[in-house]
1. Please work out if Val128 is over 19 Å from the mean Cα position of the chain (by Cα) and within 14 Å of the ligand (Cβ to nearest atom).
2. Collect the residues in segment 214-226 that are part of a helix (DSSP H, G or I), in contact with a Ser or Thr (Cβ under 9 Å, 6 or more places away or on another chain) and within 16 Å of the ligand (Cβ to nearest atom), keeping them in residue-number order.
3. So which of Glu185, Glu171, Glu177 is charged (D, E, K, R), open to solvent by less than 20 Å² (accessible area, probe 1.4 Å) and either in a strand (DSSP E or B) or away from the ligand (no atom under 12 Å from the Cβ) (or both)?
4. Those residues that are within 11 Å of the ligand (Cβ to nearest atom) and without any contact (Cβ under 8 Å) to a residue 12 or more places away in the chain, I need them from segment 97-123; list them, please.
5. If I filter segment 188-213 down to residues being within 16 Å of the ligand (Cβ to nearest atom) and open to solvent by 70 Å² or more (accessible area, probe 1.4 Å), which single residue comes out as farthest from Gln227 (Cα to Cα)?
6. Mind listing just one residue for me: the one in segment 20-55 that is under 19 Å from His287 (Cβ atoms) and in contact with a Leu (Cβ under 8 Å, 6 or more places away or on another chain) and, of those, surrounded by the fewest Cβ atoms within 10 Å (Cβ to Cβ)?
7. Can you name every residue in segment 230-289 that is among the basic types (Lys, Arg) and assigned to a helix (DSSP H, G or I)?
8. Would you mention how many residues in segment 329-350 are surrounded by 15 or more Cβ atoms within 10 Å (Cβ to Cβ) and either of a type outside the set (D, E, K, R) or at pLDDT below 95 (or both)?
Amino acid sequence: MIAPERTIGIIGGGQLGRMLSMAAAQLGYKCHIFDPGAHPPAADVAAFHTRAAFDDLAALAEFGAAVDVATYEFENLPVTPLASLGEKLIPGARSLAIAQDRAIEKKFIESCGARVAPWRGVASLAEVEAALAELGPPLVLKTRRYGYDGKGQAWVHAASEAASAWAVIGEEPAVAETGVDFAAEYSVILARWDDGRHAFWDSPRNEHEGGILRRSTVPGGDLIASQVEEARSAALRIAEALGHVGVLTVEYFASADGPVVNEIAPRVHNSGHWTIEGAVTSQFEQHIRAICGLPPGVTGLTRGGAMMENLIGDEVDRWPDLVVERGAHLHIYGKGEARPGRKMGHVTRVVR
Ligand code: AMP
């Protein structure tokens, strides 16, 4: 067990690292952020910041020596350098390697007995056209690596769109997957300990706009409730097969014939931000508990439910109204420039 007062390393200094640091600080831990940026949002609320590239082996070795455990807050990280942290890296490099490549991820999810949309790996325009002929439209092309918030994605509704979609994703190796006709989207967020203990939160219904999460709501409604047991057991099989320790998120489409996995994130997730005020133990605190070997916290709702809304781009300028709204919990990530599409903050309203 890693007791309070010890130091937790966090690789990546975005808003997830910031909220992890705040939860860790509440439990008396110090955090050390590893991030190449000059002023990453997490460094504002952490004890230490190493500014170095994610593949800087010397800097990683020094960081590894300075922390008691190291975790990561996003998955687009180079696996081999991070693996040099050895057993101090929790979750391990395997969760990272599988989650950061959409083709490997889909195969892995299928090997765990969970369903994904029918898909093909594609590496040329001819393969995109062949996938379209086999699977039928609509397809969505997603680059295998480095996509997030709808970036690196393009839809193909007809053969005439194949070339332009292939160009939009930069002619990168990709997956071509069938467009799922879903009634809702939701996520299963769980935390797992190295001895197999685990805990789930209520599954939020997630609404996206332009590929970016707009809001998450719990309870998620009857349709999600009717699928969540199956979705949870698939998510737990995935966590176990990964040997994952910490929080793991599995994003789902609620289709007419049951849960279809969209993707996994080996980390705390935007659709779990509501747990800060809406659940007895937040996803951030629980991740710290799991990686440090503290006992699981209770994950039940604090009240009847919660709704989290992202503040994207200049929506953060609404803060003067939100900060006076009774019962609105405002979070601003301290990112400075409010570029379009950038997640600048969020607001959670807990329902009685
Ligand atoms: P992703 O980056 O893969 O999470 O995709 C972002 C959003 O695009 C998802 O949350 C969905 O709203 C939509 N989307 C992605 N893949 C599909 C699909 N195969 N069928 C329908 N909608 C999709």
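The values are calculated or read from the model by the stated rules, or taken from the named source; none is laboratory data. Predicted model, so just to flag it, every value in this text is computed and none were measured. Cβ placement follows ideal geometry from the backbone for every residue including glycine, while neighbour counts extend to all protein chains displayed. The area values use the complete protein model at the heavy-atom level, side chains included, leaving out ligands, DNA and RNA. Shrake-Rupley method; radii C 1.70, N 1.55, O 1.52, S 1.80 Å.
1. Working: over 19 Å from the mean Cα position of the chain (by Cα): yes; within 14 Å of the ligand (Cβ to nearest atom): no.
Answer is no for this residue.
2. Of everything in segment 214-226, just one residue is part of a helix (DSSP H, G or I), in contact with a Ser or Thr (Cβ under 9 Å, 6 or more places away or on another chain) and within 16 Å of the ligand (Cβ to nearest atom), namely Ile224.
3. Working: Glu185 fails: open to solvent by less than 20 Å² (accessible area, probe 1.4 Å); Glu171 fails: open to solvent by less than 20 Å² (accessible area, probe 1.4 Å).
Answer to the selection: Glu177.
4. none
5. Residues of segment 188-213 that are within 16 Å of the ligand (Cβ to nearest atom), as a first pass: 188-189, 203-213.
Among the residues that remain, those that are also open to solvent by 70 Å² or more (accessible area, probe 1.4 Å) are: 205, 209-210.
Numbers: Arg205: 12, Glu209: 23, Gly210: 25 Å.
Ranking the qualifying residues of segment 188-213, first place goes to Gly210.
6. Step by step, filter segment 20-55, then rank; the result is Leu27.
7. Of segment 230-289, the ones among the basic types (Lys, Arg) are 232, 237, 267, 289.
Passing the criteria: Arg232, Arg237, Arg289.
8. Going through segment 329-350, the residues surrounded by 15 or more Cβ atoms within 10 Å (Cβ to Cβ) turn out to be 329-335, 338, 342-350.
Adding the requirement that they be either of a type outside the set (D, E, K, R) or at pLDDT below 95 (or both) leaves 329-334, 338, 344-348, 350.
Qualifying residue count, segment 329-350: 13.
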